[in-house]
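Asker: Following this message is one structure expressed as C-alpha cells.
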Amino acid sequence: MRRILVCEDEDAIRDFIMINLQRAGYQSVGVGSGEEAVKAYLQNDGRFDVAILDVMLPGIDGFEVCKTLRQHSQTLGIIMLTAKTQEIDKINGLMIGADDYVIKPFSPSELTARIDALCRRIGVSEAAPKKASEQSLESGPFRLDLKSRALYKNDEIIEVTQVEFQIMELFMRNTGAALKRSVILKNIWGEAYVGEEKIVDVNIRRIRMKIEDEPSNPEYLQTIWGYGYKWTVPQD
Ligand code: CA
C-alpha cells in the first residue's frame, strides 16, 4: 500500500485530505507542522511514497520541509499545497525539488488524481529498463545509467529527481527532435494529468540549472518558442 505523509496545520483540511486518501486506498500519516513532518519522515526511515506539504505553516514552512526531505530522498514524490494568490510560491517550491503542486481549494478527486499520477511515475521508475540489454544512454558529455537511475556529465554524477531523470531519458531518446510541451506532459505526467503545462517549464528550468554551464543560455536543452523543447548536442 502506498504511504503518504500529509503536512497541513489546519485540522479540518488535514482530516479532509486523510479521509479521502483512505477512501482512495492510501495509508497516510498526518502532521500539523513542518518540524513534525521531518521528524515523522525520519522516524519512519523514509518509508513514504509521497509527501503532501502545505506551504504556509507555523514554524518552518513547506518549502523548508521540501528542501529537507529532498536532501534525504530523490525518489520521494512531493506535492505542495498552495493558495491561489501564491503564484510565486509554486515556482519556488518546484525549483527546490517538489514534483507537483495543487492549488487550494481543491476537490478530493483532483488531489487523488495527482497522487495517483505521481505514484505511477514512481512505479515506472522502480521498474527495470524496457530492454534488459540496455544499460545506458549516451548523448554528448551525458550518460544516463538506466540500471542505477543516475545521470552523469563528463563522468561526474548530477543529482536528479526521478521526474528529472525521466525527462532526460525522454530527451536523450529523441535527440534533435522538437518535443511539444503537451507530449512531454503526457509522457512524464501521464494521460490523466489534470494540471497545467507550466509544470513542464519549471522542471526544464530546474534541469537546466543542473546540467547547463549557462542555464540562461542553454546549449543542450533548447526552447522552441510557442511549441516546446529540443535536446541538441553541439558538434565541435
Ligand atoms: Ca497552512
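The values are calculated or read from the model by the stated rules, or taken from the named source; none is laboratory data. These figures come from a predicted structure and were not determined experimentally. With ideal geometry, Cβ positions are generated from the backbone for all residues, glycine too; neighbour counts draw on all protein chains shown. We work out accessible area using only protein heavy atoms, side chains counted, and drop any ligands, DNA or RNA first. Shrake-Rupley method; radii C 1.70, N 1.55, O 1.52, S 1.80 Å.
Asker: What helices (runs of 4 or more DSSP H) lie completely within the range 4-79 and have 3 or more residues being free of Cβ contacts under 8 Å to residues at least 12 places away in the same chain, within 14 Å of the ligand (Cβ to nearest atom) and at positive phi?
Answerer: Passing ranges: none, list empty.
Asker: Within the range 131-147, is there a residue that is modelled with pLDDT of 95 or more, open to solvent by 60 Å² or more (accessible area, probe 1.4 Å) and farther than 22 Å from I96 by Cα?
Answerer: Yes, the range 131-147 contains at least one residue that is modelled with pLDDT of 95 or more, open to solvent by 60 Å² or more (accessible area, probe 1.4 Å) and farther than 22 Å from I96 by Cα.
Asker: Just give me the residues in the range 22-36 being farther than 19 Å from A113 by Cα and open to solvent by 50 Å² or more (accessible area, probe 1.4 Å), in sequence order.
Answerer: Result: E35, E36.
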